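Working notes for the structure below.
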């Protein structure tokens, strides 16, 4: 039995905002095709959640760190599959 079944309006907004943030975070196609827009959008969403006081400083910082790490992986080529046959040609 769940002792806590109803969410307050603020909690529901927080979970909806976090769900939207992680949906954008998981959008590998946008991250691969346009990493700058992907990163800016994640930072903007995190800042907006902080501005609305849906999340605290620690959560805000963790979201920004996740966004920064995903951006750095993307610009380093981490979202592109390794083509083994192309690697063999250049040896």
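If I stretch the segment between residue 37 and residue 7 completely, what's the gain in nm (0.36 nm per residue apart, minus their alpha carbon distance), one decimal?
On the way: separation 30, 0.36 × 30 = 10.80 nm, distance 3.27 nm.
Gain on extension, residue 37 to residue 7, equals 7.5 nm.
Before anything else, pin down the relative contact order of the stretch 10-76: Cα pairs under 8 Å, at least 6 apart, normalised by residue count, whole percent.
37 percent
So, how do all the Cα-to-Cα distances of the stretch 10-76 break down into 10 Å bins, in percent, from 0 on up?
23, 54, 21, 2
Run the numbers for residue 58 and residue 20: contour at 0.36 nm per residue of separation, minus the present Cα-Cα distance, in nm.
On the way: separation 38, 0.36 × 38 = 13.68 nm, distance 1.86 nm.
Full extension from residue 58 to residue 20 adds 11.8 nm.
None of the figures in this text is laboratory data; all of them are computed from the coordinates on show. From a predicted model like this one, the values you see are computed outputs, not experimental measurements.
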